[in-house]
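Below is one structure, written out as structure tokens; comments come after it.
Every number in this text was worked out from the coordinates using simple rules, so none of it is lab data. If you're wondering where the values come from, they're calculated on a predicted model, not measured in any experiment. Cβ atoms come from the backbone with ideal geometry, glycine included; neighbour counts cover every protein chain shown.
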Ligand SMILES: C[S@@+](CC[C@H](N)C(=O)[O-])C[C@H]1O[C@@H](n2cnc3c(N)ncnc32)[C@H](O)[C@@H]1O
């Protein structure tokens with residue numbers, strides 16, 4: 001109830017601005033948010049798409065049992081609630097963010113080294129949104145992140161990559177990365193998208209791309225006859 005009221009008044013610009021000023025001035029206040037069990041969401045078009053389209057799609061998919069969500073914050077601590085039937089894992093390389101991770105399922109570590117933390121083929125879905133340009137910055141790290149997501153996803157598992165498509169955050173096409181091409185891009189039917197890649201927020205150019213680890217992984221080495 002309290003959270004619903006919060007969400008409603010967050011649409012009031014003055015309250016939204018005051019709250020973000022308060023949290024910026026006193027960052028320690030953020031840590032009270034999960035402790036008090038209140039939900040203080042970010043309200044914008046990409047967050048709506050994530051929470052109202054992507055999460056319900058994953059929650060309703062009976063093939064998806066284990067989900068990894070990368071990068072946490074005071075506004076994501078409650079994301080496990082979207083997945084009452086599934087295991088919701090979180091990872092963030094910043095130890096200070098751990099209080100916003102899923103208790104007992106959170107790892108302090110980098111997406112650039114996912115396979116250090118999780119077994120091969122472990123996850124049914126991996127969501128990496130808002131990390132490019134916010135910690136996963138170099139071409140090498142982004143490429144490695146695709147490779148690592150590929151390792152920890154089961155065949156047929158889904159990678160959802162989200163990023164603000166701004167030159168200051170990403171200065172080259174993701175298609176130039178080897179890791180990108182390990183996956184097949186696809187437009188998820190439940191979302192009724194025309195394409196695998198969609199820009200969902202015109203203000204920050206936030207873009208999501210839906211990808212699958214192929215069921216049969218192409219053999220690199222041809223058989224020697
Ligand atoms: C802009 S926030 C995005 C958080 C969240 N994923 C979202 O949907 O908004 C970036 C977060 O990703 C974390 N992060 C950045 N680079 C990372 C990396 N290489 N591995 C794990 N976490 C990382 C940061 O510590 C920060 O908490």
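Things worth noting here:
- Full extension of the chain between residue 29 and residue 105 yields a length gain of 25.0 nm, computed as 0.36 nm times the residue separation minus the alpha carbon distance.
- Taking 123, 186 and counting other C-beta atoms within 10 Å, the order from fewest to most: 186, 123
- Packing, as the average of other Cβ atoms within 10 Å across residues, places the peptides 170-176, 33-39 in the order 33-39, 170-176, highest first.
- Scaled radius of gyration (Cα, divided by 2.2 N^0.38 Å) that region 51-102 gives: 1.13
- Taking other C-beta atoms within 10 angstrom as a stand-in for reagent exposure, 92, 46, 178 fall in the order 178, 46, 92, fewest first.
- Estimated purely from DSSP H runs of n ≥ 4, each contributing -39500 (n - 2.57), the mean residue ellipticity at 222 nm for the chain is -6500 deg cm²/dmol once divided by its residues.
- In units of the compact-protein estimate 2.2 N^0.38 Å, region 151-206 shows a Cα radius of gyration of 1.26.
- FRET E, pair residue 12, residue 194, Förster distance 45 Å, beta-carbon r, rounded to 0.05: 0.85
- The chain - Debye-derived log10 I(q)/I(0), Cα point model, q = 0.11 Å⁻¹: -0.56
- Rounded tilt (10° steps) of 139-152 against the dominant C-alpha axis of the chain: 80 degrees
- Fewest-first ordering of 138, 115 by other beta carbons within 10 Å of each residue's beta carbon gives 138, 115.
- Taking 0.36 nm per residue of separation and subtracting the current Cα-Cα distance, fully stretching the chain between residue 151 and residue 19 would add 43.5 nm.
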